[in-house]
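The values are calculated or read from the model by the stated rules, or taken from the named source; none is laboratory data. This one's a predicted model, so the numbers in the text were calculated from it and none came from an experiment. Heads up, the Cβs are rebuilt from the backbone with ideal geometry, glycines too, and the neighbour counts pull from every protein chain shown. To get the accessible areas, we keep the full protein, side chains included, count just its heavy atoms, and leave off ligands, DNA and RNA. Shrake-Rupley method; radii C 1.70, N 1.55, O 1.52, S 1.80 Å.
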Amino acid sequence: MAVVNFAMSPLRRRNCFLVLAFVVFIPFCAFVLFSVPDITSEQMLIQRLAELQVKLQYLDSMYRARQEDLQQLTQHIDQIGIPGDNTTATFSFPTAELRPEIKQLIKNMSGMHAATGVNPPIMLRLPSSYHFLPHLLDDPSSLRLAYLMSKGRNGVSVVMGVPTVRREKQSYLMDTLQNLIDGMTSAEANDSLIVVFVAETDLEYVLQVAKEIEMRFPMQVDSGLIEVLSPSPAYYPNLDKLRITLGDPPERVRWRSKQNLDFAFLMSYSQPKGTFYLQLEDDILAKPNYVTEMKKFAIEKIARKEPWFVLDFCQLGFIGKMFKSAELPWLIQFFQMFYNDKPVDWLLDHLIFTKVCNWDKNSNCKRDKAKMWVHYKPSLFQHIGTHSSLKGKVQKLKDKQFGKVALFFPHGNPDAEVVSGIKHYKQYTLERAYLGETFFWGLLPSPGDQLIFKFTTPIWVKRFFFRSGNAEHPSDKFYNTTVEVLPAEANQYGNSLNVTSDGYIVVGKFDSVGIATGVPDESIGKIQALRLHVHSESDNWAILSERMIFKKHTTSRGAYNIFSRTGSQNSKS
């Protein structure tokens with residue numbers, strides 16, 4: 001019988017080892033290589049979970065509110081009484097109107113003991129807003145809205161509260177809303193809500209503000225991004241009978257006390273509408289993409305399990321303060337309790353002090369408060385108003401953390417002589433503005449005032465663009481002012497064009513936003529001069545922050561812009 005030798009030669013064993021390595025080791029390496037955790041995906045998952053966590057907290061607060069409604073209903077049913085039971089209620093249901101299962105349901109809701117059918121002792125009544133604001137009980141309409149313009153948007157990520165009142169000098173509201181809208185992407189606008197609270201009891205004025213908002217921002221109102229509301233006159237106590245506190249004059253006590261009540265009302269309305277609540281004012285400037293920046297910062301804090309009560313995106317007053325909507329009731333109740341005692345920002349500080357500070361270890365208080373009141377830098381909001389809502393108060397505070405903003409946009413201009421009929425302020429002359437060195441700032445334009453640009457060589461104008469006002473002085477615009485051009489050659493236009501008595505042709509005018517843009521009729525031909533012509537008195541100074549004229553080029557390359565942008569600069573005013 002032949003014997004088979006199964007022993008392998010060294011070469012064969014080596015080849016088998018290489019095959020084994022290829023079959024086992026290479027796939028294992030590939031598995032290890034491609035199974036390395038994706039750090040970016042993991043971080044995104046953690047942030048997503050944190051976002052869901054804070055939304056769950058918000059939804060839980062809404063559930064608690066519904067529980068409160070049910071409990072109040074239960075207390076009312078308790079007092080009604082069920083036929084056949086030993087109750088002392090004044091009212092009772094007719095027996096024929098209630099089926100047995102309905103009776104049992106009401107018994108269960110009203111807390112009757114299942115075995116005895118006897119009512120338990122009277123429930124404890126806890127303090128409510130009526131204890132701190134007893135005047136609300138004097139009028140059934142005290143907590144009803146006097147006016148509401150809304151599409152019913154809710155469930156958004158960020159609700160922005162913008163309180164506004166009638167100002168003695170000038171209003172910044174429309175410019176603030178325009179800036180807030182311009183700073184949002186479409187995705188941010190779809191997941192946000194701006195609540196404008198007109199804190200006035202003059203319904204005619206409220207309707208005037210609402211109508212202006214509706215005309216200026218029709219798309220935003222129609223989409224539900226902007227809501228407008230006002231309180232009932234009965235919401236406010238007699239502000240002339242407030243206690244004098246902090247040694248302030250009566251008018252200041254009235255102003256800050258009403259402001260506290262305004263914030264409480266606005267927060268109460270906004271609280272059920274979104275996950276986060278952001279407190280703003282009606283005279284602020286926001287940086288682009290501020291919604292995403294705030295939301296990202298808040299979610300990162302929650303993802304890292306860092307507790308906070310307020311995120312501060314502006315170092316001034318009560319501007320840019322973000323809260324979790326689920327925690328707003330703490331603040332609302334605090335404002336109602338002490339509205340007559342302290343300003344709103346002081347009350348916020350006192351509330352956080354009460355929550356975190358230890359009297360025995362007061363040295364750590366500042367550190368502990370900083371953990372709950374977190375400051376974000378650089379600031380996302382800037383205060384731009386000069387005239388406070390408090391009569392006679394001038395407010396010039398600026399947030400230094402906000403950084404510089406572009407106050408004018410220089411362009412390369414063709415040779416021209418400039419003539420200003422409006423007296424300029426300090427170094428802000430029309431000549432320097434035309435050279436791109438600063439903006440033009442004129443004092444109180446009057447009817448007949450003109451800014452004239454006389455071109456050295458007549459030019460063909462394809463399009464023009466003028467911007468008035470700037471970020472720090474948004475209300476210093478040209479109002480009721482036309483843009484007019486003087487043709488190089490006299491022509492007979494008949495009634496087709498609006499020609500002035502001195503031969504200029506009206507080609508445009510400044511709108512309510514402070515911008516004038518347009519396209520002159522081709523029949524006008526070359527233009528030797530262009531002017532801005534004021535037709536009425538102005539309550540404000542006027543700033544010309546951008547001038548841009550597109551000139552037709554007659555070569556084969558076609559038209560081009562002779563006012564090419566050279567970049568933006570900042571100027572201190």
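Values computed for the structure shown
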read-out: All positions within segment 210-227 that are aliphatic (A, V, I, L, M), out of contact with any Asp or Glu (no Cβ under 8 Å at 6 or more places or on another chain) and at pLDDT 95 or above; value: A210, I213, M219, L225, I226
read-out: Scan of segment 450-477 for residues that are over 17 Å from G514 (Cα atoms), buried (at least 16 other Cβ atoms within 10 Å of the Cβ) and either in contact with a Leu (Cβ under 9 Å, 6 or more places away or on another chain) or hydrophobic (A, V, I, L, M, F, W, C) (or both), ordered by number; value: I452, F453, F455, I459, W460, V461
read-out: Selection count where residues are surrounded by 18 or more Cβ atoms within 10 Å (Cβ to Cβ) and of a type in the set (F, W, Y), scope segment 339-354; value: 1
read-out: Count of segment 331-348 residues which are more than 18 Å from G247 (Cα to Cα) and in contact (Cβ under 8 Å) with a residue 24 or more places away in the chain; value: 7
read-out: Of all residues in segment 228-265 being touching a residue at least 40 places away in the same chain (Cβ under 8 Å) and acidic (D, E), the one that is surrounded by the most Cβ atoms within 10 Å (Cβ to Cβ); value: D262
read-out: All positions within segment 508-527 that are in contact (Cβ under 8 Å) with a residue 12 or more places away in the chain and either among the aromatic types (F, W, Y) or open to solvent by 70 Å² or more (accessible area, probe 1.4 Å) (or both); value: K509, F510, T517, V519, D521, K526
read-out: Answer residue from segment 177-227, given it is among the hydroxyl-bearing types (S, T, Y) and in contact with a helix residue (DSSP H, G or I) (Cβ under 7 Å, 6 or more places away or on another chain) and is least open to solvent (accessible area, probe 1.4 Å) among those; value: S192
read-out: Checking E489 against (1) farther than 26 Å from G525 by Cα; (2) open to solvent by 30 Å² or more (accessible area, probe 1.4 Å); (3) assigned to a loop (DSSP other than H, G, I, E, B), the condition it does not meet; value: (1)
read-out: Selected residue (only one of R531, R547 is at pLDDT 90 or above, closer than 22 Å to H424 by Cβ and among the charged types (D, E, K, R)); value: R531
read-out: Yes/no for A433 being touching a residue at least 12 places away in the same chain (Cβ under 8 Å), open to solvent by less than 50 Å² (accessible area, probe 1.4 Å) and in a loop (DSSP other than H, G, I, E, B); value: no
read-out: Only one of K391, K296, K396 that is at pLDDT 90 or above and either surrounded by fewer than 20 Cβ atoms within 10 Å (Cβ to Cβ) or in a helix (DSSP H, G or I) (or both); value: K296
read-out: Check on I332, among the aliphatic types (A, V, I, L, M) and farther than 24 Å from P127 by Cα; value: no
read-out: Residue in segment 299-311 that is closer than 17 Å to M160 by Cα and crowded, with 23+ Cβ neighbours inside 10 Å present; value: no
read-out: Failed item in (1) in contact with a helix residue (DSSP H, G or I) (Cβ under 6 Å, 6 or more places away or on another chain); (2) closer than 23 Å to I543 by Cβ; (3) at pLDDT 90 or above, with P487 passing the rest; value: (2)
